[in-house]
Amino acid sequence: MQRHDDLGALREDILRCLRCGACQAVCPVYREERREESVARGRIRLALELLDGGLEPTEEMVRRFDACTSCGRCAAECPAGVRADEVIMAARAELVRRRGVPWVQRAIFSGLKARRLFGAGLRLAARTQAVALRHVDGRPDLRRARVPVGLDARRVVAPLARVPLHERVTTDHGSRGRQDRSVSTGRLPLRALFFPGCLISYVYPEIGEALVRVLAAYGIEAVVPAEQQCCGLPALVHGDVETAREIAREQVARLLDARADAIVTACATCGISLKRTFGELLADDRRLGAPAAELARRTVDVTELLSGRAEQAPPPGRLEARVTYHDPCHLLRGQGVGRQPRDLIRAVI
(Lines give C-alpha, C1' and ligand atoms only; values in the text may rest on other atoms or scores of the structure.)
Protein backbone atom coordinates (compact mmCIF):
# COMPACT_ATOMS: atom_id res chain seq x y z
CA MET A 1 0.00 0.00 0.00
CA GLN A 2 1.36 3.40 -0.99
CA ARG A 3 2.50 5.61 1.93
CA HIS A 4 2.76 8.84 -0.12
CA ASP A 5 4.98 10.56 2.47
CA ASP A 6 7.77 8.02 3.07
CA LEU A 7 10.44 8.17 0.38
CA GLY A 8 12.78 5.99 2.43
CA ALA A 9 10.29 3.12 2.30
CA LEU A 10 10.71 3.09 -1.48
CA ARG A 11 14.50 2.80 -1.47
CA GLU A 12 14.29 -0.79 -2.74
CA ASP A 13 12.28 0.40 -5.76
CA ILE A 14 14.75 3.20 -6.38
CA LEU A 15 17.70 0.80 -6.36
CA ARG A 16 15.87 -1.74 -8.53
CA CYS A 17 15.75 0.67 -11.49
CA LEU A 18 17.76 -0.91 -14.32
CA ARG A 19 18.17 2.43 -16.16
CA CYS A 20 17.00 0.56 -19.27
CA GLY A 21 15.02 3.50 -20.62
CA ALA A 22 11.73 1.67 -21.17
CA CYS A 23 9.99 4.59 -19.47
CA GLN A 24 11.28 6.96 -22.15
CA ALA A 25 9.08 5.35 -24.78
CA VAL A 26 5.87 6.00 -22.85
CA CYS A 27 6.48 9.22 -20.90
CA PRO A 28 4.47 12.14 -22.38
CA VAL A 29 6.67 14.73 -20.66
CA TYR A 30 9.90 13.25 -21.99
CA ARG A 31 8.39 13.14 -25.46
CA GLU A 32 8.09 16.93 -25.33
CA GLU A 33 11.18 17.95 -23.36
CA ARG A 34 13.75 15.24 -24.29
CA ARG A 35 15.61 15.73 -21.00
CA GLU A 36 16.83 12.95 -18.71
CA GLU A 37 15.34 14.59 -15.63
CA SER A 38 11.95 14.68 -17.39
CA VAL A 39 11.59 10.89 -17.47
CA ALA A 40 11.02 8.43 -14.63
CA ARG A 41 14.60 7.11 -14.79
CA GLY A 42 16.01 10.58 -14.25
CA ARG A 43 13.53 11.45 -11.52
CA ILE A 44 14.33 8.22 -9.69
CA ARG A 45 18.00 9.24 -9.71
CA LEU A 46 17.04 12.65 -8.33
CA ALA A 47 14.99 10.94 -5.63
CA LEU A 48 18.01 8.85 -4.61
CA GLU A 49 20.22 11.93 -4.40
CA LEU A 50 17.54 13.69 -2.36
CA LEU A 51 17.27 10.72 -0.03
CA ASP A 52 21.04 10.33 0.47
CA GLY A 53 21.86 14.03 0.70
CA GLY A 54 23.72 14.21 -2.59
CA LEU A 55 21.61 17.13 -3.81
CA GLU A 56 19.90 20.01 -2.06
CA PRO A 57 16.12 20.35 -2.53
CA THR A 58 16.15 23.28 -4.95
CA GLU A 59 13.36 25.04 -6.82
CA GLU A 60 14.55 23.40 -10.04
CA MET A 61 14.21 19.97 -8.43
CA VAL A 62 10.66 20.84 -7.41
CA ARG A 63 9.89 21.80 -11.02
CA ARG A 64 11.31 18.51 -12.33
CA PHE A 65 9.07 16.44 -10.05
CA ASP A 66 6.05 18.70 -10.56
CA ALA A 67 6.29 18.26 -14.35
CA CYS A 68 5.25 14.60 -13.99
CA THR A 69 1.61 14.16 -15.01
CA SER A 70 1.11 11.15 -12.70
CA CYS A 71 -0.24 9.10 -15.60
CA GLY A 72 1.38 5.91 -14.29
CA ARG A 73 2.58 4.63 -17.66
CA CYS A 74 6.19 4.37 -16.48
CA ALA A 75 5.24 1.99 -13.66
CA ALA A 76 2.94 -0.02 -15.92
CA GLU A 77 5.69 -0.56 -18.52
CA CYS A 78 8.69 -1.02 -16.20
CA PRO A 79 10.23 -4.50 -16.73
CA ALA A 80 11.77 -4.39 -13.23
CA GLY A 81 8.46 -3.54 -11.58
CA VAL A 82 9.69 -0.24 -10.17
CA ARG A 83 6.84 1.80 -8.73
CA ALA A 84 8.17 4.97 -10.31
CA ASP A 85 4.90 6.86 -9.89
CA GLU A 86 4.96 6.20 -6.15
CA VAL A 87 8.60 7.24 -5.90
CA ILE A 88 7.77 10.55 -7.58
CA MET A 89 4.79 11.19 -5.30
CA ALA A 90 6.87 10.44 -2.20
CA ALA A 91 9.68 12.68 -3.47
CA ARG A 92 7.21 15.54 -3.80
CA ALA A 93 6.13 15.00 -0.20
CA GLU A 94 9.78 14.93 0.91
CA LEU A 95 10.40 18.23 -0.86
CA VAL A 96 7.41 19.77 0.93
CA ARG A 97 8.68 18.42 4.25
CA ARG A 98 12.02 20.13 3.70
CA ARG A 99 10.94 23.31 1.91
CA GLY A 100 7.35 23.79 3.02
CA VAL A 101 4.30 24.47 0.87
CA PRO A 102 4.57 27.65 -1.25
CA TRP A 103 2.22 30.35 0.04
CA VAL A 104 0.04 30.44 -3.09
CA GLN A 105 -0.50 26.68 -2.98
CA ARG A 106 -1.02 26.82 0.78
CA ALA A 107 -3.82 29.37 0.32
CA ILE A 108 -5.47 27.31 -2.44
CA PHE A 109 -5.22 24.03 -0.56
CA SER A 110 -6.60 25.64 2.61
CA GLY A 111 -9.61 26.67 0.54
CA LEU A 112 -10.10 23.08 -0.60
CA LYS A 113 -10.75 22.07 3.01
CA ALA A 114 -13.47 24.69 3.59
CA ARG A 115 -16.52 23.54 1.62
CA ARG A 116 -18.63 26.68 1.88
CA LEU A 117 -15.71 29.05 1.33
CA PHE A 118 -14.57 26.93 -1.61
CA GLY A 119 -18.00 27.02 -3.26
CA ALA A 120 -18.54 30.72 -2.59
CA GLY A 121 -15.11 31.55 -3.98
CA LEU A 122 -15.74 29.66 -7.21
CA ARG A 123 -19.17 31.23 -7.67
CA LEU A 124 -17.62 34.67 -7.26
CA ALA A 125 -14.82 33.76 -9.67
CA ALA A 126 -17.38 32.59 -12.25
CA ARG A 127 -19.01 36.02 -12.19
CA THR A 128 -15.77 38.00 -12.40
CA GLN A 129 -13.61 35.76 -14.62
CA ALA A 130 -13.94 38.06 -17.62
CA VAL A 131 -11.65 40.51 -15.81
CA ALA A 132 -8.81 37.99 -15.60
CA LEU A 133 -9.42 35.82 -18.67
CA ARG A 134 -9.75 36.57 -22.38
CA HIS A 135 -11.17 34.46 -25.20
CA VAL A 136 -8.87 32.29 -27.28
CA ASP A 137 -9.27 33.06 -30.98
CA GLY A 138 -11.38 30.42 -32.68
CA ARG A 139 -12.06 28.55 -29.41
CA PRO A 140 -15.05 30.02 -27.55
CA ASP A 141 -14.76 27.19 -25.00
CA LEU A 142 -11.27 28.21 -23.87
CA ARG A 143 -9.71 31.19 -22.12
CA ARG A 144 -6.21 32.55 -21.58
CA ALA A 145 -5.04 34.71 -18.67
CA ARG A 146 -4.82 38.42 -19.48
CA VAL A 147 -1.89 38.73 -17.07
CA PRO A 148 -0.40 35.21 -16.66
CA VAL A 149 0.91 35.61 -13.10
CA GLY A 150 2.35 32.24 -12.11
CA LEU A 151 1.21 30.65 -15.38
CA ASP A 152 2.83 29.97 -18.71
CA ALA A 153 1.52 32.66 -21.07
CA ARG A 154 0.48 29.88 -23.48
CA ARG A 155 -1.66 28.09 -20.89
CA VAL A 156 -5.35 27.87 -21.80
CA VAL A 157 -8.13 27.05 -19.35
CA ALA A 158 -11.82 26.28 -19.55
CA PRO A 159 -14.09 28.99 -18.11
CA LEU A 160 -16.09 28.41 -14.95
CA ALA A 161 -19.80 27.77 -15.45
CA ARG A 162 -21.98 30.60 -14.16
CA VAL A 163 -24.35 28.11 -12.51
CA PRO A 164 -22.77 25.10 -10.74
CA LEU A 165 -24.18 21.61 -11.00
CA HIS A 166 -26.05 21.42 -7.70
CA GLU A 167 -27.97 24.60 -8.61
CA ARG A 168 -28.90 23.17 -12.02
CA VAL A 169 -30.31 19.81 -11.01
CA THR A 170 -33.83 19.83 -9.63
CA THR A 171 -35.68 17.90 -7.00
CA ASP A 172 -38.66 15.74 -7.97
CA HIS A 173 -40.85 18.78 -7.15
CA GLY A 174 -39.05 20.87 -9.73
CA SER A 175 -37.49 23.25 -7.21
CA ARG A 176 -33.86 24.25 -7.33
CA GLY A 177 -31.46 22.68 -4.86
CA ARG A 178 -30.56 24.67 -1.76
CA GLN A 179 -27.10 25.14 -0.30
CA ASP A 180 -27.92 23.39 2.98
CA ARG A 181 -28.95 19.97 1.68
CA SER A 182 -28.32 17.45 -1.02
CA VAL A 183 -30.48 17.41 -4.14
CA SER A 184 -32.29 14.21 -5.08
CA THR A 185 -33.93 13.33 -8.37
CA GLY A 186 -36.69 11.41 -6.62
CA ARG A 187 -37.29 7.95 -5.18
CA LEU A 188 -36.24 5.14 -7.51
CA PRO A 189 -35.28 1.48 -6.86
CA LEU A 190 -31.54 2.14 -6.49
CA ARG A 191 -30.09 5.16 -4.66
CA ALA A 192 -26.69 6.47 -5.77
CA LEU A 193 -24.74 9.38 -4.34
CA PHE A 194 -23.12 11.16 -7.28
CA PHE A 195 -19.71 12.59 -6.38
CA PRO A 196 -19.19 15.01 -9.29
CA GLY A 197 -15.81 16.47 -8.35
CA CYS A 198 -14.66 20.03 -8.97
CA LEU A 199 -14.58 20.05 -12.78
CA ILE A 200 -18.05 18.62 -13.32
CA SER A 201 -19.48 20.75 -10.52
CA TYR A 202 -18.03 24.08 -11.57
CA VAL A 203 -16.67 23.84 -15.15
CA TYR A 204 -18.64 21.15 -17.01
CA PRO A 205 -21.98 20.88 -15.14
CA GLU A 206 -23.72 19.73 -18.32
CA ILE A 207 -21.90 16.40 -17.91
CA GLY A 208 -23.42 16.03 -14.47
CA GLU A 209 -26.89 16.95 -15.71
CA ALA A 210 -26.65 14.32 -18.44
CA LEU A 211 -25.45 11.71 -15.96
CA VAL A 212 -28.36 12.40 -13.60
CA ARG A 213 -30.82 11.98 -16.50
CA VAL A 214 -29.23 8.72 -17.64
CA LEU A 215 -29.22 7.28 -14.12
CA ALA A 216 -32.90 8.12 -13.74
CA ALA A 217 -33.66 6.42 -17.07
CA TYR A 218 -32.15 3.23 -15.64
CA GLY A 219 -34.10 3.44 -12.40
CA ILE A 220 -31.30 4.91 -10.30
CA GLU A 221 -32.01 7.81 -7.96
CA ALA A 222 -29.15 10.32 -8.06
CA VAL A 223 -28.32 12.36 -4.97
CA VAL A 224 -26.07 15.35 -5.66
CA PRO A 225 -24.30 16.98 -2.67
CA ALA A 226 -25.29 20.61 -2.24
CA GLU A 227 -21.85 21.48 -0.90
CA GLN A 228 -19.05 20.21 -3.09
CA GLN A 229 -15.60 19.46 -1.72
CA CYS A 230 -12.49 18.54 -3.66
CA CYS A 231 -11.23 14.95 -3.56
CA GLY A 232 -7.88 16.30 -2.35
CA LEU A 233 -5.69 14.95 -5.14
CA PRO A 234 -4.40 18.41 -6.22
CA ALA A 235 -2.87 18.83 -2.75
CA LEU A 236 -1.52 15.29 -2.72
CA VAL A 237 0.24 15.48 -6.08
CA HIS A 238 1.94 18.69 -4.94
CA GLY A 239 3.28 16.93 -1.86
CA ASP A 240 0.88 18.38 0.72
CA VAL A 241 -0.02 15.02 2.20
CA GLU A 242 -1.47 16.39 5.44
CA THR A 243 -4.04 18.55 3.63
CA ALA A 244 -5.01 15.57 1.47
CA ARG A 245 -5.37 13.44 4.60
CA GLU A 246 -7.60 16.06 6.28
CA ILE A 247 -9.86 16.15 3.23
CA ALA A 248 -9.97 12.34 3.13
CA ARG A 249 -11.08 12.20 6.78
CA GLU A 250 -13.98 14.56 6.19
CA GLN A 251 -15.01 13.05 2.88
CA VAL A 252 -15.14 9.48 4.17
CA ALA A 253 -17.43 10.45 7.04
CA ARG A 254 -19.72 12.60 4.87
CA LEU A 255 -20.04 10.21 1.96
CA LEU A 256 -20.88 7.20 4.09
CA ASP A 257 -23.45 9.24 6.03
CA ALA A 258 -25.47 9.60 2.80
CA ARG A 259 -26.72 6.00 3.14
CA ALA A 260 -26.63 5.40 -0.60
CA ASP A 261 -26.47 2.00 -2.29
CA ALA A 262 -23.43 3.20 -4.25
CA ILE A 263 -21.19 6.22 -4.64
CA VAL A 264 -20.85 7.08 -8.32
CA THR A 265 -18.04 9.05 -9.96
CA ALA A 266 -17.65 10.32 -13.50
CA CYS A 267 -14.18 11.80 -13.00
CA ALA A 268 -11.36 9.27 -13.09
CA THR A 269 -9.23 11.26 -10.66
CA CYS A 270 -12.02 11.53 -8.11
CA GLY A 271 -12.72 7.84 -8.59
CA ILE A 272 -9.16 6.77 -7.81
CA SER A 273 -9.22 9.01 -4.74
CA LEU A 274 -12.35 7.42 -3.32
CA LYS A 275 -11.42 3.88 -4.35
CA ARG A 276 -7.76 3.84 -3.39
CA THR A 277 -6.11 7.03 -2.15
CA PHE A 278 -8.39 7.67 0.83
CA GLY A 279 -7.71 4.16 2.10
CA GLU A 280 -3.95 4.66 1.72
CA LEU A 281 -4.01 8.01 3.51
CA LEU A 282 -6.13 6.66 6.38
CA ALA A 283 -4.59 3.19 6.68
CA ASP A 284 -3.23 4.00 10.15
CA ASP A 285 -6.36 5.84 11.31
CA ARG A 286 -8.08 3.59 13.86
CA ARG A 287 -11.38 5.45 13.53
CA LEU A 288 -11.60 5.90 9.77
CA GLY A 289 -9.40 3.18 8.28
CA ALA A 290 -12.24 0.65 8.06
CA PRO A 291 -14.83 3.21 6.83
CA ALA A 292 -12.39 4.28 4.09
CA ALA A 293 -12.17 0.66 2.96
CA GLU A 294 -15.98 0.45 2.98
CA LEU A 295 -16.20 3.63 0.89
CA ALA A 296 -13.79 2.08 -1.63
CA ARG A 297 -15.96 -1.04 -1.90
CA ARG A 298 -19.09 1.04 -2.58
CA THR A 299 -17.55 3.45 -5.10
CA VAL A 300 -18.00 2.77 -8.81
CA ASP A 301 -17.30 4.66 -11.98
CA VAL A 302 -20.54 5.44 -13.79
CA THR A 303 -19.49 3.20 -16.68
CA GLU A 304 -19.14 0.25 -14.27
CA LEU A 305 -22.61 0.92 -12.92
CA LEU A 306 -24.27 1.21 -16.32
CA SER A 307 -22.44 -1.24 -18.58
CA GLY A 308 -24.35 -4.31 -17.39
CA ARG A 309 -27.64 -2.46 -17.39
CA ALA A 310 -27.11 -1.31 -20.97
CA GLU A 311 -26.97 -4.97 -22.01
CA GLN A 312 -30.16 -5.79 -20.09
CA ALA A 313 -32.10 -2.77 -21.36
CA PRO A 314 -30.47 -1.24 -24.46
CA PRO A 315 -30.99 2.51 -24.88
CA PRO A 316 -33.70 3.55 -27.35
CA GLY A 317 -32.34 4.36 -30.78
CA ARG A 318 -28.75 4.54 -31.94
CA LEU A 319 -26.42 7.39 -32.80
CA GLU A 320 -25.00 7.67 -36.30
CA ALA A 321 -21.51 8.63 -35.21
CA ARG A 322 -17.90 7.58 -35.34
CA VAL A 323 -16.38 7.74 -31.87
CA THR A 324 -12.78 7.91 -30.70
CA TYR A 325 -12.39 7.01 -27.04
CA HIS A 326 -9.46 8.09 -24.87
CA ASP A 327 -8.70 5.98 -21.79
CA PRO A 328 -8.21 8.31 -18.81
CA CYS A 329 -4.98 7.37 -17.03
CA HIS A 330 -6.62 7.26 -13.61
CA LEU A 331 -9.47 5.12 -14.95
CA LEU A 332 -7.60 2.51 -16.99
CA ARG A 333 -4.38 2.14 -15.00
CA GLY A 334 -5.63 3.56 -11.73
CA GLN A 335 -8.91 1.64 -11.50
CA GLY A 336 -8.59 -1.09 -14.10
CA VAL A 337 -11.69 0.13 -15.93
CA GLY A 338 -11.32 -0.14 -19.71
CA ARG A 339 -13.95 -2.51 -21.08
CA GLN A 340 -17.04 -0.84 -19.57
CA PRO A 341 -16.77 2.54 -21.35
CA ARG A 342 -16.40 0.71 -24.66
CA ASP A 343 -19.41 -1.47 -23.91
CA LEU A 344 -21.53 1.64 -23.36
CA ILE A 345 -20.30 3.26 -26.57
CA ARG A 346 -21.06 0.12 -28.57
CA ALA A 347 -24.55 0.05 -27.07
CA VAL A 348 -25.48 3.37 -28.68
CA ILE A 349 -23.62 3.46 -32.01
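The values are calculated or read from the model by the stated rules, or taken from the named source; none is laboratory data. Because the structure is a prediction, the values reported are computed rather than measured. Note that each Cβ is placed from the backbone with ideal geometry, even for glycine, and that neighbours are counted across all protein chains shown.
Here residue 218 clears all of (1) buried (at least 24 other Cβ atoms within 10 Å of the Cβ); (2) over 28 Å from residue 64 (Cβ atoms) except the condition numbered (1).
Of all helices (runs of 4 or more DSSP H) completely enclosed by the range 1-109, which ones contain at least 1 residues that are closer than 27 Å to residue 275 by Cα and of a type in the set (Gly, Ala, Ser)? Give the derivation first.
Working: elements: 11-16, 28-33, 40-52, 59-66, 73-77, 84-99.
Where helices (runs of 4 or more DSSP H) fall fully within the range 1-109 and carry at least 1 residues being closer than 27 Å to residue 275 by Cα and of a type in the set (Gly, Ala, Ser), they are 40-52, 73-77, 84-99.
Among the residues of the range 7-28, those identified as under 18 Å from residue 89 (Cα atoms) and crowded, with 17+ Cβ neighbours inside 10 Å are 7, 10, 13, 14, 17, 23, 27. Among the residues of the range 251-259, not a single one is in the same structural domain as residue 194 (by TED's automatic domain parsing), touching a Gly at 6+ places or on another chain (Cβ under 7 Å) and at negative phi. On the stretch given as the range 52-72, residues that are buried (at least 19 other Cβ atoms within 10 Å of the Cβ) and within 19 Å of the chain's Cα centre (by Cα) total 4. Looking at residue 92, is it within 18 Å of the chain's Cα centre (by Cα) and of a type in the set (Lys, Arg)? It is true that residue 92 is within 18 Å of the chain's Cα centre (by Cα) and of a type in the set (Lys, Arg). Based on what the data block shows, is residue 317 closer than 23 Å to residue 113 by Cβ and assigned by TED's automatic domain parsing to the domain that holds residue 204? So residue 317 fails the test.
Taking only the range 218-249 into account, find how many residues are over 14 Å from residue 113 (Cβ atoms) and free of Cβ contacts under 8 Å to residues at least 60 places away in the same chain.
6
Given the options 186, 197, 219, 177, name the one that is modelled with pLDDT under 85 and on the phi > 0 side of the Ramachandran plot. Residue meeting the stated conditions: 186.
Taking the range 106-133 as the range and being surrounded by 11 or more Cβ atoms within 10 Å (Cβ to Cβ) and over 22 Å from residue 166 (Cβ atoms) as the test, the residues that pass are 106, 109, 110, 130, 132, 133.
Tell me the residue from 91, 80 that is in contact with a Leu (Cβ under 9 Å, 6 or more places away or on another chain), among the aliphatic types (A, V, I, L, M) and surrounded by fewer than 16 Cβ atoms within 10 Å (Cβ to Cβ), please.
Values: 91 fails: surrounded by fewer than 16 Cβ atoms within 10 Å (Cβ to Cβ).
None of the others qualify; the one that does is 80.
Can residue 39 be described as under 24 Å from residue 331 (Cβ atoms), surrounded by fewer than 20 Cβ atoms within 10 Å (Cβ to Cβ), modelled with pLDDT of 95 or more and not assigned by TED's automatic domain parsing to the domain that holds residue 236? No. Contact annotation: residue pairs with Cβ atoms under 7 Å, 6 or more positions apart or on different chains, pairing a residue in the range 18-35 that is within 15 Å of residue 78 (Cα to Cα) with a partner that is aromatic (Phe, Trp, Tyr), are 24/30. Mind checking whether some residue in the range 281-297 is modelled with pLDDT of 95 or more, within 16 Å of residue 200 (Cα to Cα) and touching a Phe, Trp or Tyr at 6+ places or on another chain (Cβ under 8 Å)? No.
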